[in-house]
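Reading through the structure tokens given below for one structure.
The values are calculated or read from the model by the stated rules, or taken from the named source; none is laboratory data. Please read these numbers as outputs of a predicted model, since none were measured by experiment. Positions of Cβ are backbone-derived with ideal geometry, glycine not excepted, and every protein chain shown enters the neighbour counts.
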Amino acid sequence: MRVKAVISYDGSFYQGFQRQKITSQTVTGQIEEVLYSLGIISPIVGSGRTDTGVHASGQVIHFDLPDFWKDLKKLNNEINRKLTHIRFKHLTAVPDSFHARFSAKKRLYRYVFKTSCPSVFENNYVSYYLPFDQQILIEALRCFEGEHDFQYFQKTGTDTHTTIRHVYHTEYKQFRSYHIIYFEANGFLRSQVRMMIDAAMACATGKLSLPSLKEQVACKKRHITTLAPPHGLYLARILY
């Protein structure tokens, strides 16, 4: 039986989501160790990767169960009892054709930062930027909307057959002392969200012009390749 799980995790404790040969301290590595202890040898497949330090409130994975696991509520509880800093929110049966990555239609990321120094309790969960122009930030974010070739907004080593992505919606909001950026798209390249955020913030803080940003979006000239700090980024929701 194939199952779909919606999970959340604190990325500050892991070396990213993806399985690695040199360490088991990844989200995938920790989940697969727990599944193995419960007699489940299926590898897990995620809707997408997250970098070291990046969190998730709505990551989706799938894996296959042996016949003796039929009580999904009990399995969900057993998994959560064994995991630390990772939480299985929902576990449901799905058709064998379901694929956490390829069946996904939209992905939503949320980025949280402050313009004052985060407290010691916020350091792993909220990023910091200098004071900025909110209207220019909104204009910069809108430059990413639509279908574009984002080859100038990816980290090397991206495993994909195309660098074209459709960004459906961007948004900026302020809640008290917190500033929040949203991206919704059909998919993202490796570190694309962090690179877009840092480019937009460079415009909003006067380090990069909007025409230069538009040039880079149009793949005419690369002006900036720095990444936003990872700890303010959350994979918030996957839509199927």
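Here is how the numbers come out for the structure above:
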quantity: Filtered residues of the range 61-75 (kept if in a loop (DSSP other than H, G, I, E, B) and either not acidic (Asp, Glu) or not assigned by TED's automatic domain parsing to the domain that holds Gln15 (or both)); calculated: Leu65, Pro66, Phe68, Trp69, Lys70
quantity: Test: residue in the range 155-163 that is farther than 24 Å from Ser212 by Cα, assigned by TED's automatic domain parsing to the domain that holds Leu233 and of a type in the set (Gly, Ala, Ser); calculated: yes
quantity: Scan of the range 89-128 for residues that are within 20 Å of the chain's Cα centre (by Cα) and of a type in the set (Ser, Thr, Tyr), ordered by number; calculated: Ser103, Tyr109, Tyr111, Tyr125, Ser127, Tyr128
quantity: Residue satisfying all of: in the range 59-118; closer than 30 Å to Ala204 by Cα and of a type in the set (Lys, Arg); surrounded by the fewest Cβ atoms within 10 Å (Cβ to Cβ) among these; calculated: Lys106
quantity: Residue among Arg142, Arg194 that is farther than 18 Å from Tyr234 by Cα and among the basic types (Lys, Arg); calculated: Arg142
quantity: Residue within the range 34-49 that is in a strand (DSSP E or B) and not aliphatic (A, V, I, L, M) present; calculated: yes
quantity: Pairs, first more than 30 Å from Pro229 (Cα to Cα) in the range 52-75, second among the basic types (Lys, Arg) and not in a helix (DSSP H, G or I), C-beta under 6 Å, six or more apart; calculated: Asp64/Arg2
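Per-residue answers, yes or no, for (1) assigned to a loop (DSSP other than H, G, I, E, B); (2) in contact with a Cys (Cβ under 6 Å, 6 or more places away or on another chain); (3) among the charged types (D, E, K, R); (4) assigned by TED's automatic domain parsing to the domain that holds Ile44:
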site	(1), (2), (3), (4)
Asn77	no, no, no, yes
Arg81	no, no, yes, yes
Ala100	yes, no, no, no
Ile136	no, yes, no, no
